Amino acid sequence: MKLAIIGTGYVGLVSGACFSEFGHEVICVDNNGDKIAALCQGQIPIYEPGLTELVVKNVTGGRLRFTTNLAEAVPRAEAVFIAVGTPSSRRGDGYADLSYIYSAARDIAPHISGYTVVVDKSTVPVGTARQVARVIREVNPAAEFDVASNPEFLREGAAINDFMRPDRVVVGVDNDRAAAVLRGIYSPLYLIETPVVITTPETAELIKYAANAFLAVKISYINEMATICEAVGADGIALAKGIGLDGRIGKKFLHPGPGYGGSCFPKDTLALLRTVQEYGVSARIVEAAVEVNAAQKARMVKKIRDALGGSETGKTIGVLGLTFKPETDDMRDAPALTILPALIEKGARIVAHDPQGMREAAKYLPEGVEFVDNPYAVCAGADALVLMTEWNQYRALDLGRIKSGMRNSVFIDLRNVYAPEQVRSAGFSYFGVGRG
Ligand code: UGA
């Protein structure tokens, strides 16, 4: 099938590459000429494992193209996916900023030719599909189109696998004609028996928020349990296992840590809270998850301070990992951006390493943070080592080598990567999350 994807950000680029891998003919459009020029050269602006190879393969195979010109992409397309950004609005009130969505709808409208399904792939609040339809109708009353909602459930770092082997595909449509187009697009998943949930646009839009909010709740729940474990002297890891093996609970997303971050959970939970407020209902469990997440980050600052003997002033802290999770260079809402500035404000010196995120991190962290290109270099003269993000390369560190470079042997493992006894027997004081 012939598809157009508007927006070559994370979602647009991964979707475009994967749809072309399915065998569809895809044209990705972005109004950023430099970005398109780079993409045409095979340069991918984000770090996502496997994406460069997939783009190059499908460009070479003639199934994937990039352009700034909507007139080249939209008229021929059976479906046009809108995958532009929906950042939190600049007013800071939690609302998602939909201006990019509506301007994409306005720009697409005049180019629609023949029956076309315009698909919202970006995460958008309930009611957006109807608004997009209204905008298109205003600009081009003659256009023959439907608007569908088709939220994505990709995890950064695992996006290609999530796209190619999803747990489910959610499609929100008003009629069978649009449903048939979407079914056709996802028919390559038929062989792996991927369930397709066909529902209304409003329900599809809400499914996305409900899924992310549920996962955020699950993380905040286990983080709260971890705090209780620390208080009563129980083991949070064993607790997570003990409850997660109950099939009704499930063991995924039960890892205590420094709080969830990234471009989705923080933004989407707030946007959901704004939506419920608007409709005069409440989402108190989601509200609590947001509060617990903020408290978790603050608790990590206190954990580090306590491990340093009560004060971080004048201390050197080595930090391993800055991104909100491994296998990405994304720093959006990373816990490091809350925790490290709080320590720096109290006079701590920070020396940090991240395999992919240092360039991004340097933009958002206070001046004075020192970046080193070797994980062992963060330890030189350090009073404590903080493992902030569980990159694979931090999972089997030479503890003897780390210790020999440090001033004080304090190991604060905010992702519970190491077994406490292993680190303690190497001569460190060890502090995890949810355990001693
Ligand atoms: C999340 C969802 O997992 C995807 O399904 C969804 O499509 C995506 O948001 C989105 O809305 O676009 P992502 O933000 O890439 O994906 O990352 P996750 O792997 O979900 O992790 C989010 C945060 O939760 C990270 O900071 C991670 O460290 C934290 N986390 C996750 C925990 O602290 N504990 C856990 O057990 C799991």
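The values are calculated or read from the model by the stated rules, or taken from the named source; none is laboratory data. Predicted model only: the values in this text are computed from it and were never measured. All Cβ positions, even for glycine, are placed from backbone atoms using ideal geometry, and neighbour counts span all protein chains on display. For accessibility, only protein heavy atoms count, side chains too; no ligands or nucleic acids. Shrake-Rupley method; radii C 1.70, N 1.55, O 1.52, S 1.80 Å.
Could you check the range 140-162 and list, in sequence order, the residues that are closer than 29 Å to Pro75 by Cα and out of contact with any Pro (no Cβ under 8 Å at 6 or more places or on another chain)?
Correct list: Pro141, Ala142, Ala143, Glu144, Phe145, Asp146, Asn150, Pro151, Glu152, Leu154, Ala159.
Quick one: would you say Lys297 is modelled with pLDDT under 95, within 15 Å of the ligand (Cβ to nearest atom) and open to solvent by 20 Å² or more (accessible area, probe 1.4 Å)?
Answer is no for this residue.
Within the range 308-328, which residues are away from the ligand (no atom under 16 Å from the Cβ) and either open to solvent by 30 Å² or more (accessible area, probe 1.4 Å) or not charged (D, E, K, R) (or both)?
Those that are away from the ligand (no atom under 16 Å from the Cβ) and either open to solvent by 30 Å² or more (accessible area, probe 1.4 Å) or not charged (D, E, K, R) (or both): Leu308, Gly309, Gly310, Ser311, Thr313, Gly314, Lys315, Thr316, Ile317, Gly318.
In the range 219-276, which residue that is open to solvent by 30 Å² or more (accessible area, probe 1.4 Å) and touching a strand residue (DSSP E or B) at 6+ places or on another chain (Cβ under 9 Å) is farthest from the ligand (Cβ to nearest atom)?
Arg274
Quick test for you: out of Thr194, Thr203, pick the one residue that is surrounded by fewer than 18 Cβ atoms within 10 Å (Cβ to Cβ) and outside any helix (DSSP H, G or I).
Only one candidate passes the filter, namely Thr194.
Within the range 31-42, can one find any residue that is surrounded by fewer than 18 Cβ atoms within 10 Å (Cβ to Cβ), in contact with a helix residue (DSSP H, G or I) (Cβ under 6 Å, 6 or more places away or on another chain) and either assigned by TED's automatic domain parsing to the domain that holds Gly357 or part of a loop (DSSP other than H, G, I, E, B) (or both)?
Yes, because at least one residue in the range 31-42 is surrounded by fewer than 18 Cβ atoms within 10 Å (Cβ to Cβ), in contact with a helix residue (DSSP H, G or I) (Cβ under 6 Å, 6 or more places away or on another chain) and either assigned by TED's automatic domain parsing to the domain that holds Gly357 or part of a loop (DSSP other than H, G, I, E, B) (or both).
Out of everything in the range 402-415 that is touching a helix residue (DSSP H, G or I) at 6+ places or on another chain (Cβ under 6 Å) and farther than 11 Å from Leu320 by Cβ, what residue ends up being nearest to the ligand (Cβ to nearest atom)?
The extreme case among them is Val410.
What number goes with the only condition from (1) acidic (Asp, Glu); (2) closer than 25 Å to Cys18 by Cα; (3) outside any strand (DSSP E or B) that Asp146 does not pass?
Checking Asp146 against (1) acidic (Asp, Glu); (2) closer than 25 Å to Cys18 by Cα; (3) outside any strand (DSSP E or B), the one that fails is (3).
Hey, among Arg305, Arg332, which residue is within 11 Å of the ligand (Cβ to nearest atom), open to solvent by 30 Å² or more (accessible area, probe 1.4 Å) and in the same structural domain as Ala384 (by TED's automatic domain parsing)?
Going through Arg305, Arg332 in turn, the sole match is Arg332.
When you look at Ile412, is it open to solvent by less than 20 Å² (accessible area, probe 1.4 Å), free of Cβ contacts under 8 Å to residues at least 40 places away in the same chain and among the β-branched types (Val, Ile, Thr), yes or no?
Against the criterion (open to solvent by less than 20 Å² (accessible area, probe 1.4 Å), free of Cβ contacts under 8 Å to residues at least 40 places away in the same chain and among the β-branched types (Val, Ile, Thr)), Ile412 does not qualify.
Does Gly12 meet the test of being assigned by TED's automatic domain parsing to the domain that holds Pro188, open to solvent by less than 60 Å² (accessible area, probe 1.4 Å), assigned to a loop (DSSP other than H, G, I, E, B) and at pLDDT 95 or above?
In short, no.
In the range 358-413, which residues are touching a Leu at 6+ places or on another chain (Cβ under 8 Å) and among the β-branched types (Val, Ile, Thr)?
Within the range 358-413, Val369, Val378, Val386, Thr389, Ile402, Val410, Ile412 qualify.
Sort out which residues of the range 164-178 are in a helix (DSSP H, G or I) and open to solvent by 10 Å² or more (accessible area, probe 1.4 Å), and write them in order of number.
Listed by number, the residues that qualify are Met164, Asp176, Arg177.
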